[in-house]
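Encoded as structure tokens, the structure appears first; notes follow it.
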Amino acid sequence: MIAKIFRKALIPMATAAALGASVSASAAVFVQCPGDTNGDATWTGTEAKPAKTTCKHLTAGDGFISMADGRSLYTFGFADVTGRLPGSIMLDSLAANFAAPTIELSEGDDFYLTLTNVAMTMRPDLFDPHTVHFHGFPEQPPVFDGMPEGSFGVNMGSSDTYFYRLNDPGTYMYHCHQEATEHMQMGMLGNLYVKPRQDAILLPTAPPSIIPKAIGGKTLAGYVYNDNDASTGYHVAKALQFGGMDHVFHELHLGVQPLPFKNMRDTYPMINGRGYPDTVNPSPLPAPPEKADFGNNDSSQAVDSLITATKGDRILLRLSNLNVTNYYTVTVQGLPMKVVGMGARQLRGPDGKDLYYDTASVTLGGGESAEVLIDTSGVEPGTYFLYTTNLNFLSNFDQDNGGMMTEIVIAAQ
């Protein structure tokens, strides 16, 4: 209780130090978004949205999440504040999400991503900058790459805006690259993908196209790449990010103790920031009690991993791994898997030949991604398990039958 009171007393002191005694919180938050006049990173009323433009506003700070066995872990992370006015942003406490909010973009767009560093509620002794690294994206100007060696870090109480021109569809990911091993272990990781221009032919107003719009008599929801033949078309899609946390590392961090980097060992393997059975809960998880002490009852874990489809659907799995210590092999027992892309690149040769391959499992190292299609037309309805074959990761610390596993539920037609 004394520690909580001490930390609460330090919060306004830390914020004042970050902003400067004569600078208000609202003045420190600065959003750059073309056509947006009030700084909420959206377009309303008389505000004119430029064509092919997307804006998003994220905060970077700390928070808590719940493990599937009930343990709470202290984390760093991002939160989506798009649509909120700047004056309220610096008032957030413990708003970090894990997994970070999913970012879904379209090829051809100009993307403006504002990052605001709202400081650390539980660690006011820290003055860490934060960045956004768009992992795997062929960024030309290094200033927007989020690498501290050639870019910038966003200091406490400050905002900065990254710019990207999205010319390459595929499955990416994003994370903080400032003190990368520490900040990634602490939870600053998220799903990010770019949909191809070819999706536009599915719009009701699109002119006729020779590219198939349906498979098995079912209208497609999208394509993974600009394939020109619907070979990467899908009906249902899910982004799944594999990772894990070392609870000892997180508890020592909260206790302001030396961090054991060389002994880092993940004890809570997860998909999208949850261990099984929480992975198949379609609702945001309740906020940990530690957040309620600061008046924040918002969920920190809004991204589920449950996949639902109907027999005959083609399922797209956007798989990624941002773990700093482990690689993972995953399988879907009983379902056919076809890999159509790796590292945000379609598996197609320079002569146009498809290099897709059928497999029973996919192995991803840290920073790798893959797009996998599952054709359900020849399988029986039922519940199938997607899980890691690294069996030591099928646990919630000392609780067996959890960890890196989720379900694919296929209903009858």
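In percent, rounded to a whole number, the relative contact order of the stretch 215-332 is 31, using alpha-carbon pairs under 8 Å and six or more apart. Estimated at 0.36 nm per residue, the fully extended path between VAL409 and SER283 surpasses their Cα-Cα distance by 43.7 nm.
Amide H contacts under 5 Å for ALA119: GLY157, restricted to partners 5 or more places along the chain or on a different chain, H placed in the peptide plane at 1.01 Å from N. Once the chain from ASN167 to THR53 is taken as fully extended at 0.36 nm per residue, the excess over their C-alpha distance is 39.7 nm. Near ALA412: Cβ cut-off under 10 Å, other residues only, Lys/Arg at +1 and Asp/Glu at -1. The net charge is 0.
Proximity of backbone amide H atoms, modeled 1.01 Å from N, is registered between MET270 and GLY243, GLY244 at under 5 Å, excluding neighbours fewer than 5 places apart on the same chain. Residues in the stretch 39-53 carry Karplus couplings, in order, of x, 9, 6, 9, 10, 9, x, 8, 5, 9, 8, x, 4, 6, 10 Hz; the curve used is 6.51 cos²θ - 1.76 cosθ + 1.60 with θ = phi - 60°, and Gly or Pro positions show x. Cys residues of the chain that find no other Cys beta carbon under 4.7 Å: CYS176. Where a ≥ b ≥ c are the square roots of the eigenvalues of the C-alpha gyration tensor, would you call the stretch 302-354 rounded, which needs a/c under 1.5, or, failing that, prolate if a/b is larger than b/c, or oblate? Judged from the Cα gyration tensor, the stretch 302-354 comes out oblate (a/c at least 1.5, b/c at or above a/b).
Structural descriptor for the chain: relative contact order 15 percent, calculated from alpha carbon pairs under 8 angstrom and at least 6 residues apart. Scalar couplings 3J(HN,Hα) for the stretch 267-272, obtained by applying the Karplus form with A = 6.51, B = -1.76, C = 1.60 to θ = phi - 60°, are 10, 10, x, 8, 10, 6 Hz; x denotes Gly and Pro. Each 10 Å bin, from zero up to the one with the longest distance, holds this percent of the alpha carbon pairs of the chain: 5, 22, 31, 26, 13, 4, 0.
In the context of the full set of protein chains, the chain has a per residue accessible area of 41 Å² (1.4 Å probe).
Measuring nothing but protein heavy atoms, the accessible surface of the chain at 1.4 Å probe radius is 55 percent carbon and sulfur.
Largest GNM mean-square fluctuation among ALA344, ALA221, ALA68, using the chain with Cα springs under 10 Å: ALA221. Couplings for the stretch 279-292, taken from phi via the Karplus curve 6.51 cos²θ - 1.76 cosθ + 1.60 with θ = phi - 60°, read 4, 9, 7, x, 9, x, 6, x, 5, x, x, 4, 6, 4 Hz in order; Gly and Pro are left as x.
Quote the relative contact order of the stretch 126-253 in percent (integer), defining contacts as alpha-carbon pairs under 8 Å separated by 6+ residues.
19
Please report the antiparallel percentage of the DSSP beta bridges confined to the chain, to the nearest 5. Show your work: numbers first, answer last.
Working: 70 of 95 bridges.
Percent antiparallel among DSSP bridges in the chain is about 75.
Annotation: amide H of HIS175 within the under-5 Å range of HIS133, HIS135, sequence separation 5 or more or interchain, hydrogens built in the peptide plane.
The values are calculated or read from the model by the stated rules, or taken from the named source; none is laboratory data. No experiment lies behind these values; they were computed from the predicted model shown. Quick reminder, even Gly has a Cβ in these numbers, built from the backbone with ideal geometry, and neighbours come from all protein chains shown. Ligands, DNA and RNA are excluded from the accessible area calculation, which covers all protein heavy atoms including side chains. Shrake-Rupley method; radii C 1.70, N 1.55, O 1.52, S 1.80 Å.
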